[in-house]
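Here is the structure we will look at, set down as structure tokens.
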Amino acid sequence: EYDKIDALRGLNITITTTMTLPEWSGYSSASPEQQKIWNEAISGLKAHENGHVEIAKAEAAKMKQAIMDVRPESSSVTFVTKSGDKDAMYSKAKTLLNAPKISGAITTGFANHNKRQGNYDNVSGHTLSPQQLKDKGIDY
């Protein structure tokens, strides 16, 4: 919903993540040294995967701002979706008179998100955390 100066009053983008990590059925019978190696590997994997979550949050914030910066060509327009689903966002965007601008912001937002996620995996080798990359002076 827009206010009197044709600016969005609010927009929520919800990110839901699920992290499924490998389990080792032989962990309890492994030696302390083997368990230590496993624990370090899982800890590193968690840190790396959390980096993906942080990228998603950062890109969602940028997408939100890009959407909020769009002004309608007519006031009294409502843009509300609870799902955060891309298809639902496109559907609601079509109700706006300047739907191409909203759709463009969403499309660009998802493209930037996907590019950054890919870059993160490419420079990290699927193993390094954001802090490890930063310590090495690597930007993604």
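Within this structure, I55 fails the test of being modelled with pLDDT of 90 or more and more than 22 Å from the chain's Cα centre (by Cα).
Taken as a whole, the condition of being at pLDDT below 90 and of a type in the set (K, R) does not apply to K36. The number of residues in the range 23-42 that are open to solvent by less than 70 Å² (accessible area, probe 1.4 Å) and closer than 19 Å to Q131 by Cα comes to 2. Tallying residues that are in contact with a His (Cβ under 8 Å, 6 or more places away or on another chain) and touching a residue at least 60 places away in the same chain (Cβ under 8 Å) within the range 47-69 yields 3.
The values are calculated or read from the model by the stated rules, or taken from the named source; none is laboratory data. From a predicted model like this one, the values you see are computed outputs, not experimental measurements. A quick note on method: Cβ atoms are made from the backbone with ideal geometry, for glycine too, and the neighbour counts reach across all protein chains shown. Calculation scope for accessible area: heavy atoms of the full protein, side chains included, ligands and nucleic acids excluded. Shrake-Rupley method; radii C 1.70, N 1.55, O 1.52, S 1.80 Å.
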